[in-house]
Structures are given as C-alpha cells and as structure tokens.
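Below: the structure, in structure tokens.
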Amino acid sequence: MPQITANTAHFGMRLEADFKEESFRKVKELGTTPADLFRDVLEYVVRNNRLPIRKEVVSDDDAVLLDLVKKRLKNPGEIMRNVNLDDLLSGHPGSRKG
C-alpha cells in the first residue's frame, strides 16, 4: 500500500447525503474506512490496469436466462444430455414455449 508522505493530495467527491451515510456505514461494518476503500480501489487500478468491478447491461431475456443458470448451478439436479434450449427453458416461468 502506498505510504502517506508530505507529498499527498486531497480527493473529494459529491454524493447525496443519504447515500453517503448508508454507504459509509456499510463500509465501516465491513471493517474498513471509506478512505482505505478508495485507496485500495485506486491501487488495484494502478497495479492491474483495469477496474476491480464490471458493469454489464443485459436485456430482459438475458436476465431471465442468467437467473435460470444461477438457479440450476445452485441445484443442478439430474444431468441431462442431448438437450436443446427449449428443453432447458420448459417449465420456467419466462419460457415462451406454449
């Protein structure tokens, strides 16, 4: 972790007051401080040349499919072979099969 020396700079940002209170409280509950969290994130970016998180925008259909995959991974049940997508989606509330 970078050492704080006489050659430091201040960083500030604007947040909605309610959001700041809630997020800072949760960060503290997780055992760190907002300053340490921001410092750790910036250090990660410098070391890895990428963000530690990724935002993805998915369509409603993709969200339904991702939800199904997550549920099946948690409870795989019987292994099926030679199955097509219609078979996988059958019985699922988001299924378009009539």
Quiz item: With every protein chain left in place, what is the accessible area per residue of the chain in square angstrom, probe 1.4 Å?
Solution: 96 Å²
Quiz item: Mean projection of the alpha-carbon convex hull of the chain over all orientations, in nm²?
Solution: 11.6 nm²
Practice problem: Work out the charge dipole of the range 15-89 with +1 on the Cβ of Lys and Arg and -1 on the Cβ of Asp and Glu about the Cα centre, then indicate which of 19, 89, 38 is farthest towards its positive end. | Solution: 38
Quiz item: Roughly speaking, to the nearest percent, how much of the range 15-89's 1.4 Å accessible area is carbon and sulfur?
Solution: 55 percent
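The values are calculated or read from the model by the stated rules, or taken from the named source; none is laboratory data. The structure presented is a predicted model; accordingly, all values stated were derived computationally and were not measured. Backbone-built Cβ (ideal geometry, glycine too); neighbour counts: all protein chains shown. Please note that ligands, DNA and RNA were not included when accessible areas were found on the heavy atoms of the full protein model with its side chains. Shrake-Rupley method; radii C 1.70, N 1.55, O 1.52, S 1.80 Å.
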